[in-house]
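The values are calculated or read from the model by the stated rules, or taken from the named source; none is laboratory data. Nothing here was measured: the structure is a model prediction, and the numbers come from that model. When we count neighbours, we look across all protein chains shown, and the Cβ atoms used for this are built from the backbone with ideal geometry, even at glycine.
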């Protein structure tokens, strides 16, 4: 399972999602504890990027080790080294390969072996023929042994109802015990899956009290633009920080958010004057970058930007309407000069986009209070 182990690599400018898991690499007779990176396009990084077929060969030949010898030398780079003493492992090449294949399915949003097994069970429950039971049993056996216990997501019963169902009355459970299934046990398993199906049907129709967890609107990309004057119909260009929308903070006036941000970033008062006088937001940045930042700027810059964005959309209701028109969409802000402020193809932190979403929520809250 992927859980929160999320990573990616860039391939020809495309972000390829991935995950990782621990593994041992056997190199020169020594074993190295490392991370095995698995990507959605089927490539696996085991100290080199290989295809799934090549990865299988690495497994078969012991480069990716699933058995560890007593007395073998091992290390975790720059952390520790040790010698195996009576090692106990539960992986085999076939098991690890099956788990990696499942991971690739999961990264691509496809049904993995567990999902395929449960689908086969649904088919059997709808039409309880021996042919369908055999198909469900085969699908169960295709699930890696290391994850079968979790197939039903039931921490109390584990996969026992599943084993009883695919074995059938008088059959033997597909495990080491090979237990003969009684009619009573089988009937209980059938009842379990009937109840489970009803629970899933109710769960699917259940909506969180405060609405769905996911945005209903597609993400909005706020591309670069370099407008020198306000437009009659600016569209999303108005959401750029360098869009010419003057703001006032106390006794200070600025031609744009970008001017205000860079003016407040510099230490010397005379430099602030030069920044404010710059002919564009981009020029304001150039002027500011040539002089020293004020002390502690990195710690306050997000708070400053939040205040400036609030001022912009409070003082320009027409621009606030454009921001509100984005609904609950994720806002992705391009900023070639900053991986902190920009999304930049998924490589940046997108703080401008995140703060715009915050200001949008505050505007909506204010509307709700008025209404």
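Tally up the residues in the range 301-326 that are assigned to a loop (DSSP other than H, G, I, E, B) and touching a strand residue (DSSP E or B) at 6+ places or on another chain (Cβ under 9 Å), please. Looking only at that region, the number is 2. If you go through the range 69-127 and keep only what is in contact (Cβ under 8 Å) with a residue 40 or more places away in the chain, within 18 Å of residue 144 (Cα to Cα) and not in a helix (DSSP H, G or I), you end up with 90, 91. What about residue 186, is it in the same structural domain as residue 127 (by TED's automatic domain parsing) and closer than 23 Å to residue 96 by Cβ? It is false that residue 186 is in the same structural domain as residue 127 (by TED's automatic domain parsing) and closer than 23 Å to residue 96 by Cβ.
Would you mind finding the one in 276, 304, 257 that is buried (at least 22 other Cβ atoms within 10 Å of the Cβ) and without any contact (Cβ under 8 Å) to a residue 60 or more places away in the chain?
Details: 276 fails: buried (at least 22 other Cβ atoms within 10 Å of the Cβ); 304 fails: buried (at least 22 other Cβ atoms within 10 Å of the Cβ).
Being buried (at least 22 other Cβ atoms within 10 Å of the Cβ) and without any contact (Cβ under 8 Å) to a residue 60 or more places away in the chain holds for just one of 276, 304, 257, which is 257.
Evaluate the following for residue 54: is it exposed (fewer than 12 other Cβ atoms within 10 Å of the Cβ) and more than 29 Å from residue 149 (Cβ to Cβ)? Answer is no for this residue.
Looking only at the range 272-300, count how many residues are in contact with a helix residue (DSSP H, G or I) (Cβ under 7 Å, 6 or more places away or on another chain) and part of a helix (DSSP H, G or I). Working first, answer last.
Within the range 272-300, the first condition is being in contact with a helix residue (DSSP H, G or I) (Cβ under 7 Å, 6 or more places away or on another chain), and the residues that meet it are 272, 274-276, 278, 281, 284-285, 287-288, 291, 293-294, 297.
With the extra rule that they be part of a helix (DSSP H, G or I), the set shrinks to 272, 274-276, 281, 284-285, 287-288, 297.
Number satisfying all stated conditions: 10.
Would you check if residue 92 is over 28 Å from the mean Cα position of the chain (by Cα) and not assigned by TED's automatic domain parsing to the domain that holds residue 187? Considered against the rule, which asks whether it is over 28 Å from the mean Cα position of the chain (by Cα) and not assigned by TED's automatic domain parsing to the domain that holds residue 187, residue 92 comes out as yes.
Output yes when any residue across the range 325-342 is more than 26 Å from the chain's Cα centre (by Cα) and either free of Cβ contacts under 8 Å to residues at least 12 places away in the same chain or assigned by TED's automatic domain parsing to the domain that holds residue 242 (or both), and no when none is.
Going residue by residue through the range 325-342, those that are more than 26 Å from the chain's Cα centre (by Cα) are 325.
Restricting the remaining residues to those that are either free of Cβ contacts under 8 Å to residues at least 12 places away in the same chain or assigned by TED's automatic domain parsing to the domain that holds residue 242 (or both) gives 325.
Looking through the range 325-342, at least one residue is more than 26 Å from the chain's Cα centre (by Cα) and either free of Cβ contacts under 8 Å to residues at least 12 places away in the same chain or assigned by TED's automatic domain parsing to the domain that holds residue 242 (or both).
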